[in-house]
Each structure stands twice: as structure tokens, then as C-alpha cells.
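*Asks:* Just dropping this structure here.
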Amino acid sequence: MLRGVVYFPIVFGVGFLLGIVRVLGLEPRVGERWAEIAEAPLMLVVIILAARFVVRRFPAAHRASYLVSGGIALFLLLIVEFSVVLGMRGLSFGDYFAERDPLAGSVYAVMLLIFAAMPWLLGGRR
């Protein structure tokens, strides 16, 4: 559980900072869709580095524990995303999904799955 609680804020914190850069710097130039897609590779690097850190720092006796850690981190991320972030943007749950670009939203969904799975994927490589 500790791995997930440590993994989540690392990825979320860097993602929050990159989101500010994306919205203020990149979106006005290339649009929301392409800015979100351009951010994905950077977030992939952050996810890999953060997962590697927690796997090395907090080793587990069983590889399945890493999958639980990723699930906990994903759960925390979704709670923050659907409460704090939607509240800040003044969106309802339905509005959030209705306004998502299909391509950028699909990339985001895949990134969420990668985020959840990465501790497990790297946990077997100790």
C-alpha cells in the first residue's frame, strides 16, 4: 500500500506541473488535442522513473503486491481527478467525458492503464 501512496503523488505532482506548462504554453500554439498528446511521452518517462523508484525503494515479497500498489495509485489519481480537478474546472462528471477529445482521451486512458501497471511491470525485473 505504501508504494501506491508514494507513487501517486510523484506522478501526479509532475503531471500537475506539466499540465500548467501544457495549458499555458503549448495549447495556445497547437490546440488542446495535440498538446495533450505531446505531453503523453513525457508522462510515460515520469511514470517509468517513479515506478522504478518505488519498486527499488519499497521491494515486495510477491510480484502481485506491485499490481495492488499500481491499483491504489490509480484509485487515488481518479479520486483527485474527479473531485479536485473537476471542481477547479467547474465541470460535472458528464461534462468531463462529453468534452474530452476522442483521440486525446484514448491516449489518456491508455496512460492510466500504463500508470497502474508500471510497478508490476518493473517489479518483476529486480
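The values are calculated or read from the model by the stated rules, or taken from the named source; none is laboratory data. Everything numeric in this text was worked out from a predicted model, so none of it was measured. Every residue, glycine among them, receives a Cβ derived from its backbone with ideal geometry; neighbour counts consider all protein chains shown. All accessible areas refer to the heavy atoms of the entire protein, side chains included, with ligands and DNA or RNA removed. Shrake-Rupley method; radii C 1.70, N 1.55, O 1.52, S 1.80 Å.
*Asks:* Closer than 17 Å to residue 119 by Cβ, out of contact with any strand residue (DSSP E or B) (no Cβ under 8 Å at 6 or more places or on another chain), open to solvent by 30 Å² or more (accessible area, probe 1.4 Å) and of a type in the set (Gly, Ala, Ser): is that true of residue 4 in this structure?
*Replies:* Against the criterion (closer than 17 Å to residue 119 by Cβ, out of contact with any strand residue (DSSP E or B) (no Cβ under 8 Å at 6 or more places or on another chain), open to solvent by 30 Å² or more (accessible area, probe 1.4 Å) and of a type in the set (Gly, Ala, Ser)), residue 4 does not qualify.
*Asks:* Another question, then. Hey, any hits in region 21-42 for a residue that's out of contact with any Gly (no Cβ under 6 Å at 6 or more places or on another chain), within 20 Å of residue 3 (Cα to Cα) and of a type in the set (A, V, I, L, M, F, W, C)? Steps first, please.
*Replies:* So in region 21-42, the residues out of contact with any Gly (no Cβ under 6 Å at 6 or more places or on another chain) come out as 21-42.
Imposing the further condition that a residue be within 20 Å of residue 3 (Cα to Cα) reduces the set to none.
No, every residue in region 21-42 fails to be out of contact with any Gly (no Cβ under 6 Å at 6 or more places or on another chain), within 20 Å of residue 3 (Cα to Cα) and of a type in the set (A, V, I, L, M, F, W, C).
*Asks:* Out of the residues in region 79-93 that are hydrophobic (A, V, I, L, M, F, W, C) and in a helix (DSSP H, G or I), which is farthest from residue 5 (Cα to Cα)?
*Replies:* Restricting attention to region 79-93, the residues satisfying the condition of being hydrophobic (A, V, I, L, M, F, W, C) are 79-80, 82, 84-86, 88, 91, 93.
Then keep just the ones that are in a helix (DSSP H, G or I); that gives 79-80, 82, 84-86, 88, 93.
Working: 79: 13, 80: 13, 82: 18, 84: 17, 85: 19, 86: 21, 88: 23, 93: 24 Å.
Looking at residues that are hydrophobic (A, V, I, L, M, F, W, C) and in a helix (DSSP H, G or I), I get 93.
*Asks:* Out of region 51-73, which residues are free of Cβ contacts under 8 Å to residues at least 60 places away in the same chain and either closer than 11 Å to residue 4 by Cβ or open to solvent by less than 30 Å² (accessible area, probe 1.4 Å) (or both)?
*Replies:* 58, 67 - these are the residues of region 51-73 that are free of Cβ contacts under 8 Å to residues at least 60 places away in the same chain and either closer than 11 Å to residue 4 by Cβ or open to solvent by less than 30 Å² (accessible area, probe 1.4 Å) (or both).
*Asks:* With 81, 99 as the choices, which residue is open to solvent by less than 50 Å² (accessible area, probe 1.4 Å) and of a type in the set (Asp, Glu)?
*Replies:* Matching residue, one of 81, 99: 81.
*Asks:* Condition test on residue 33, is it touching a residue at least 40 places away in the same chain (Cβ under 8 Å), within 17 Å of residue 105 (Cα to Cα) and open to solvent by 50 Å² or more (accessible area, probe 1.4 Å)?
*Replies:* Answer is yes for this residue.
*Asks:* Now for a different question. Just checking, which of 91, 86, 24 is surrounded by fewer than 16 Cβ atoms within 10 Å (Cβ to Cβ) and at pLDDT 95 or above? Please lay out each step first, then the result.
*Replies:* On the way: 91 fails: at pLDDT 95 or above; 86 fails: at pLDDT 95 or above.
Going through 91, 86, 24 in turn, the sole match is 24.
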